[in-house]
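> My questions all concern the structure below.
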Amino acid sequence: MPVLGWITVLEDIGRAVGLMLVFEGIMPFLAPSRWRNMAQVLATVDDRSMRTIGLLSMLGGLALLIYWR
């Protein structure tokens, strides 16, 4: 891959991380107390359930990326 191709990839990754941070910041900005309560509930979830949620989240994101390719 030429150097300019890598620059484009890095720009896309930077945009993706920036967009993720925007989405991640919406809940704590709009409803901090509800977000804090959700974090407390998530702290009580067992590892197996948390891994399942993470896997489903990654698969859903991958499906969206493939769909909008």
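The values are calculated or read from the model by the stated rules, or taken from the named source; none is laboratory data. In this text the structure is predicted, and so the values were computed from the model without any measurement. Using ideal geometry, Cβ is built from the backbone for each residue, glycine included, and neighbour counts are taken over all protein chains shown. Note: areas computed on protein heavy atoms with side chains; ligands, DNA, RNA excluded. Shrake-Rupley method; radii C 1.70, N 1.55, O 1.52, S 1.80 Å.
> Out of the residues in segment 35-65 that are surrounded by 10 or more Cβ atoms within 10 Å (Cβ to Cβ) and among the charged types (D, E, K, R), which is farthest from Asp12 (Cα to Cα)?
Arg36
> Right, here's the next one. Cβ contacts < 9 Å: first residue touching a residue at least 40 places away in the same chain (Cβ under 8 Å), restricted to segment 16-43; second residue of a type in the set (Val, Ile, Thr), any location; separation 6+ or different chain. Result?
Going by the 9 Å Cβ cut-off, there are no qualifying pairs.
> Out of all the residues in segment 5-16, which are modelled with pLDDT of 90 or more and either open to solvent by less than 70 Å² (accessible area, probe 1.4 Å) or not in a helix (DSSP H, G or I) (or both)?
Residues satisfying the conditions are Gly14, Ala16.
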